[in-house]
Amino acid sequence: MTGKKKTAQASLEAMYRVFTVPEAPDSTLSRIDQDISRNLAGFLQEHIVAIERDLGDVVKDFSESAVPEKPVFVSEQTQFLLDKLVAHSVHTASPSFIGHMTSALPYFMLPLSKIMIALNQNLVKTETSKAFTPMERQVLGMIHRLVYNEDSAYYRKWMHDPRFALGAMCSGGTIANLTALWVARNNAFPAEGSFRGIHEEGLFRALRYYGHEGAAVLVSKRGHYSLSKAADVLGLGRSSLISVPTDDDNRIQTDALREKCLELQAQKVKILAICGIAGTTETGNVDPLEEMADIATEFGAHFHVDAAWGGPTLFSRTYGPLLKGIEKADSVTFDAHKQLYVPMGAGLVVFRDPALVGAIEHHAQYIIRKGSRDLGSTTLEGSRPGMAMLIQSGLKILAREGYELLIDQGIEKAKRFAEMIEERPDFELVTQPELNILTYRYCPAETQEALTQADTLQSERINASLNRITKFLQKTQREHGKAFVSRTRLEPARHHRYPCVVFRVVLANPLTTQEILRDILDEQVELAGHADVQDEMDVLNNLTRAVLDTPQANRA
C-alpha cells in the first residue's frame, strides 16, 4: 500500500460513462439514493447535524476558487457533500423547525422530481417542452379557477388559447409580484397616437405624454420587500412604493389608503397599482381585499393581491372566506413552494383577464414566434424547469380535500398554540393568528403587569430590555439545534408603538405536534434562566420593580 490518493482521469470514454452509466448498486451515491427513497425523514435526521457550526467555519470548506484540474470520483464528491454540505444544512423538514415558511414535503415529490430532472424540459418553448406546456397552462387554469371560480366553459375557451394566457409560471413570489406590476405598468401607459407605449419608449416619455408627474404603487407597511425590488427594477424608484399605515391587526387602513390616493392624484401622480396582502409575511394577516378592490376601481388602478402565503387558504371551506374580495383582483400571486408543498423554486401569478399579459409579450424569430402556444413570450424568465409538473401532481394527489385538511389543521394548530402561550403567565402573545402565523415573546408576569402601568419612557426601557432577552433566547435556541423559531420586529399599539422584538412562528408542517410546541416553550423558559442572560434579567427585574413599587399617583 502506497497510501496515495486514487485520482480519476478525464477521457472521452470517462465523459461518455458519466452521461450514460449509473452508479453501481453498492456505491455511496446509490446507497444514499436508496436511503432517501426508503426513509427521507430518517436520512435527514441522521445526516443533518443538530448543533450549529459557525458559518465562518463552514466557509473554509468552500474557500478554493480554482476549478479542479483533475476530476474526482463520484463517491469522493458524494462523501464531501454528505460531510460538508448536507451535515451543515438546515433541517427545514423538521417538525420543530417552525420559524420560516419552509416545511416538510410530501414523500412523492422526491421521485417525481427525479422524472422532472431526467426529462430536463425547458418551458420557454414547446420545441423543448411539448406536453409540459399544455400541462403548465392547465396548472395556471386550476389556480385561476381556485381564485376566480369561472365555469368550465370559460376554461375550455381560454386555458389553451395560444393568443392568451391565464397567468405566468415563475421561480417564486418575487418574480410573480414583479410580473404583476410589470403588466400593470405597461397597461397603464399603452400605445396611443404618436406614443408607441411604455414598453417601447420608456417611463420618462410615458409620464410626459400622459401628463403625469410620477407613478406609484401602494401597499400596507407589511408589504413584502419583493414589491420594493419590483419598483426599483421597473424604473419607478423605491420611493414610489408608498407604504400605508396598518391597524392594530396589521391590516391596511383603507381610509388612509384612499386619502393617500387622493393626495397622489392631486399631485398628478399616476396610481399604477394597489397591492393587497393575503397572509402578511410577519403576522399572517389578510387585508380587507373587498374594500381595496373598490378603491382601486375608483382610482383606475390595477388591483394586485400578494397571496404568496395565504392563497391556498381558498381550498378551505371554513377559512377561505377570510380572503373575500380576492376574486376582484386583476392579478394574484401564489408561491407553490409554500403552502402547495412543492420543492423550492415554484411560484405563479394569475390574471383575471387573459388578455392582460399581452402587455408584456415578447417574441423572437429563433424561438418564441407570434401565435405559438409558448408561455415563454409572457414570462420574465426565459429558460424554466417544468416545476408545473410537481404543482399539478400535488393538486391531483392531495386534491382540494387534502389541501383543505392541511390548511385547516395549520390554522387550528396556531390557535391552540396561541392558547398555550396565553395559559403561561411568563409569555405574552403579541399577535393572534388569523391564518397560521403568530408572534409572541417571553415576558414575565410581573413585567407584563408593569407594562400596563408604565409611562412611555418606562415602557420603552422595559421593552428595550425584553428585546435583548428575546434576541438571546432566539439565537441560543437555534444554536442548541432542538428547535427553531424566527424573530421579527413589530410596533404593538399597547406598547406605545415601540419596536418590539418578538418570536415568529409558522405552523404549516403537519408533523408538528402540540408536544413539540410545548417543548419549545419549555426550552425558552429554561434558557431564560441561563447564566449568560442573567445580567439582563436583573436589569428587567429592576425596571419592573421600579414601576410596580412606585405609587400610582407619583407615576401620574
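The values are calculated or read from the model by the stated rules, or taken from the named source; none is laboratory data. Keep in mind the model is a prediction, meaning the values are calculated, not measured. Note that each Cβ is placed from the backbone with ideal geometry, even for glycine, and that neighbours are counted across all protein chains shown. Only protein heavy atoms, including side chains, enter the accessible area calculation; ligands, DNA and RNA are left aside. Shrake-Rupley method; radii C 1.70, N 1.55, O 1.52, S 1.80 Å.
Assorted remarks:
- Carbon plus sulfur fraction of accessible area for the chain, probe 1.4 Å, in percent: 53
- Aspartates and glutamates with Cα under 13 Å of LYS268, excluding same-chain neighbours fewer than 8 positions away: GLU213
- Charged-residue dipole, Cβ positions (Lys, Arg, Asp, Glu), the chain about Cα centre, Debye nearest 20: 1840
- Its relative contact order, with pairs defined as Cα atoms under 8 Å and 6+ residues apart, puts the chain at 17 percent.
- Accessible-area value, VAL90, 1.4 Å probe, nucleic acids and ligands omitted, Å²: 90
- At R0 = 51 Å, FRET efficiency that the Cβ-Cβ distance of ASP519 and GLN77 yields, to 0.05: 0.85
- For the chain, accessible area per residue (1.4 Å probe, heavy atoms of protein chains only), Å²: 49
- Relative contact order, whole percent, for the range 403-479 stands at 21, derived from Cα pairs under 8 Å and 6 or more residues apart.
- Cα centroid of the range 384-437 to Cα centroid of the range 285-316, whole Å: 20
- Base-10 log of normalised Debye intensity for the range 191-323 (one unit scatterer per alpha-carbon) at q = 0.15, 0.20, 0.22 Å⁻¹: -0.73, -1.15, -1.31
- Beta bridges by DSSP in the chain, antiparallel share as percent, to the nearest 5: 60
- Once the C-beta distance of LYS475 and ASP33 is scaled by a Förster radius of 35 Å, the resulting FRET efficiency is 0.45 to the nearest 0.05.
- Here is the list for the range 35-132: GluC sites (Glu not before Pro) lying in DSSP coil, each with at most 13 other C-beta atoms within 10 angstrom of its C-beta, are GLU64, GLU69.
- Each part reduced to its alpha carbon centroid, the range 40-106 and the range 150-225 end up 40 Å apart.
- Per-residue ellipticity at 222 nm computed for the chain from its helices equals -13500 deg cm²/dmol, with DSSP H segments shorter than 4 residues left out and the rest contributing -39,500 (n - 2.57).
- Derived scalar couplings between HN and Hα for the range 448-463 equal 4, 5, 4, 5, 6, 10, 6, 7, 4, 5, 4, 4, 4, 5, 5, 5 Hz in order, rounded to whole Hz, by the Karplus curve 6.51 cos²θ - 1.76 cosθ + 1.60 (θ = phi - 60°), x for Gly and Pro.
- When the listed pairs LYS270/LYS324; LYS130/LYS396; LYS125/LYS270; LYS229/LYS413; LYS338/LYS415 are checked against a 24 Å cut-off, the alpha-carbon distance exceeds it for LYS270/LYS324; LYS125/LYS270; LYS229/LYS413.
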